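Read through the structure below, which is laid out as structure tokens, and then see the notes.
All of the numbers you see were taken from the coordinates with simple rules; none came from a lab. Remember, it's a predicted structure, so these values are computed and weren't measured experimentally. A quick note on method: Cβ atoms are made from the backbone with ideal geometry, for glycine too, and the neighbour counts reach across all protein chains shown.
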Amino acid sequence: NLKRLIIGDAAQARGLVGRNFTVNGKLTAEAIAFAANDAELFLSLRDEIFAAADSPFAAVRDAVRYAAAVEKKRSSHF
């Protein structure tokens, strides 16, 4: 569930992909970047994505900045 990953709940995913890929917010950051690249998905998860800006993990904060840049670029096309 992408929403669970974005809010930082990676416990179940950790069992599938391993600790190395989920440590320091890596999986959460990937989930945010994935959602940012799909306009409809991004809109449905926008609040959760921007709430992650307060994450203690730099990778997650970077992903939120990336999502904001993608949103800005997308909105400038309209």
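For the reader, a short list of remarks on this structure follows.
- Legend: ranking of residues 76, 44 from fewest to most surrounding C-beta atoms inside 10 Å; resulting order 76, 44.
- Taken over the chain, the ratio of Cα radius of gyration to 2.2 N^0.38 Å equals 1.06.
- Per-residue extension of 0.36 nm, minus the Cα-Cα distance of residue 75 and residue 9, leaves a gain of 20.8 nm for this segment.
- Taking the longest Cα principal axis of the chain as reference, the axis of helix 39-51 is set at about 60 degrees.
- A simple charge model with +1 on the Cβ of Lys and Arg, -1 on the Cβ of Asp and Glu and nothing else charged puts the dipole of the chain at about 160 debye relative to its Cα centre.
- With contacts taken as Cα pairs under 8 Å and at least 6 residues apart, the range 2-76 reaches a relative contact order of 33 percent.
- Simple spin-label estimate for residue 23 and residue 50 in nanometres, 7 Å along Cα-Cβ: 3.4 nm
- Excluding same-chain neighbours fewer than eight residues apart, the lysines reachable from residue 3 by a Cα-Cα span under 16 Å are 26.
- Tilt relative to the chain, helix 26-36 - C-alpha long axis, 0 to 90 degrees, to 10: 20 degrees
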